[in-house]
Each structure stands twice: as C-alpha cells, then as structure tokens.
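A.B. asks: Have a look at this one.
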2 protein chains.
Amino acid sequence: MLIRQSEAVEARAIQIDGAKGVSLRVLVGSADGAPTFAMRHFTVASGGHTPRHSHNYEHEVFILQGSGRLEQDGKGQALKPGDALFVPPNATHQFINTGSEPLKFLCLVPTSFDCGTPTPGS
Amino acid sequence: MLIRQSEAVEARAIQIDGAKGVSLRVLVGSADGAPTFAMRHFTVASGGHTPRHSHNYEHEVFILQGSGRLEQDGKGQALKPGDALFVPPNATHQFINTGSEPLKFLCLVPTSFDCGTPTPGS
C-alpha cells in the first residue's frame, strides 16, 4: 500500500501557454496502478495562475493553503482552505493566486477520458 | 461550478460494524453529477477507527489533520498531514486515530464498481 508525503514528491513546472508559476506533483497516478482517477497536488506561486481553459473531463479540487480566485465566464469566486470544488467537463476555468503565499490545492482527474485517452498529468 | 466549504457540509455518523467515532461528509459525489469519482471527508475522533475491511474498489486518501495509523495485514504505518495514500482494490485496511485531536482525511472512491454498482457513500 502506497504512502507518500506530498512535499517529498518531485514538483514539475507546468510549461503550457497561460500558466504562470504553477508546479505539479502527481501524488497517486496511473504509474502507481491507479485504475480510475489520479490525485495531483498543485502549487501556484504568488502572482501566478493556471491556464484559462476547458477540457472534456472533470476536476475535483480541494484547497489546502493560501487564497485564490476561480475565474469562470467573467465571474470570479473567492477560494480558501477547506473549499471543495467540482469543475464539470467542458466548463472553462482558471485558478488565480490572489495572496502573498503559495496557493496549494489537490486537483483530481479521471485517468482517461473519451473512451480511453490518457488524461494529461494523470 | 460547485464550491462548497467542507466544514459546512453536514456530517453523517458511520454506523457500521467495526467503525468507532467516524463521520463522513460527501464533498463532491454522484448527487452533484460527479461522473467518475467522489470526494469524501472523514473525521475520526480521538480513540476511534474505521472498520477493518476490504472491497473491490480503490481508495485515494490525503491526510489533512491529526495523527493516525494505517493497519494492513498485521502491520501498522504512521500517518501525518500531507501524506497521500493509494489503497488498491481488495487490500484490507483500517484507519486508526492515534492522537488526541480528530484525525481528518479526504478519501476518494470511484462512483461505481463491478460494471455499474454504485459505490457506498459516493
């Protein structure tokens, strides 16, 4: 049975258009034999944000630390530790760090979508 | 897009054999339209534990607060905040609070198993 301290997992910088100051740790994923969904840990530096995008699979998110805003369709909603979020498939979304400390959250995805395509970062 | 503060979600006591001092909050589940997996928040009181059991679906767990032990096949492993766990299908497991404060963790499950059976508590 796998037990892994999240801060000990190597963080990978996200180098895609629209991302600023974002790093990702895969805590439990396909490489560990996860059959259905993957648990990823994101850190967004102060002043940073994830890309504004949508995709054909859902996110389930849990805010661990820091403060931020979820942007969707021109509206922003404040985020704080302990908030749980469901981002349905095809909903446009962006996570923005609005504070002075890192924004840290879990973001889980299915390991595949569209009848078997591996989910990026899973 | 659903944003829900976890502590504001109603907690339900777990009344099954082998559980002591355990309550459950479904943060994101089938009732919210989650298509693949469900995010649940568990609180185990000091002196409490989850049932020692196994089932035909996986858990992905993230320890939020407190201290505990994962029991498996006569072996115990210490748990602390920030630990991520993968409990594969059919592995026997039990979570025990070994501290004086509540043990809090996220435990995610697929929303169904065995080709469509709804997962309990999802």
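A.B. asks: Could you please find all residues in the stretch B:18-52 being more than 30 Å from A:Gln94 (Cα to Cα) and either modelled with pLDDT under 95 or assigned to a helix (DSSP H, G or I) (or both)?
C.D. replies: none
A.B. asks: Taking the stated definitions as given, is B:Glu60 free of Cβ contacts under 8 Å to residues at least 60 places away in the same chain and part of a helix (DSSP H, G or I)?
C.D. replies: no
A.B. asks: Check whether at least one residue in the stretch A:99-119 is under 17 Å from A:Ile14 (Cβ atoms), in a loop (DSSP other than H, G, I, E, B) and modelled with pLDDT under 95, and report yes or no.
C.D. replies: yes
A.B. asks: If we scan the stretch A:74-95, do we find a residue that is touching a residue at least 40 places away in the same chain (Cβ under 8 Å), on the phi < 0 side of the Ramachandran plot and exposed (fewer than 13 other Cβ atoms within 10 Å of the Cβ)?
C.D. replies: No, there is no match, as no residue in the stretch A:74-95 is touching a residue at least 40 places away in the same chain (Cβ under 8 Å), on the phi < 0 side of the Ramachandran plot and exposed (fewer than 13 other Cβ atoms within 10 Å of the Cβ).
A.B. asks: Just for the stretch B:49-73: of the residues that are farther than 27 Å from A:Pro110 by Cα and within 13 Å of chain A (Cβ to nearest Cβ), which one is surrounded by the most Cβ atoms within 10 Å (Cβ to Cβ)?
C.D. replies: Only one residue fits best here, namely B:Gly68.
A.B. asks: Could you please find all residues in the stretch B:32-48 being surrounded by fewer than 19 Cβ atoms within 10 Å (Cβ to Cβ) and either closer than 21 Å to A:Leu106 by Cβ or of a type outside the set (A, V, I, L, M) (or both)?
C.D. replies: Listed by number, the residues that qualify are B:Asp32, B:Gly33, B:Pro35, B:Ser46, B:Gly47.
A.B. asks: Suppose we filter the stretch B:74-86 for residues that are within 19 Å of A:Ala8 (Cα to Cα) and either assigned to a strand (DSSP E or B) or more than 10 Å from chain A (Cβ to nearest Cβ) (or both); how many remain?
C.D. replies: Residues that pass the stated criteria total 7.
A.B. asks: Could you list all residues from the stretch A:16-56 that are under 28 Å from A:Ala78 (Cβ atoms) and either acidic (Asp, Glu) or without any contact (Cβ under 8 Å) to a residue 12 or more places away in the chain (or both)?
C.D. replies: A:Asp17
A.B. asks: A further question follows. Scan the stretch A:13-29 and give yes if some residue there is touching a helix residue (DSSP H, G or I) at 6+ places or on another chain (Cβ under 7 Å), closer than 26 Å to B:His41 by Cα, within 14 Å of chain B (Cβ to nearest Cβ) and surrounded by 15 or more Cβ atoms within 10 Å (Cβ to Cβ), otherwise no.
C.D. replies: Yes, some residue in the stretch A:13-29 is touching a helix residue (DSSP H, G or I) at 6+ places or on another chain (Cβ under 7 Å), closer than 26 Å to B:His41 by Cα, within 14 Å of chain B (Cβ to nearest Cβ) and surrounded by 15 or more Cβ atoms within 10 Å (Cβ to Cβ).
The values are calculated or read from the model by the stated rules, or taken from the named source; none is laboratory data. Being a predicted model, the structure only gives us computed values, none of them experimental. Note that we place each Cβ from the backbone using ideal geometry, even for glycine, and neighbour counts take in every protein chain shown.
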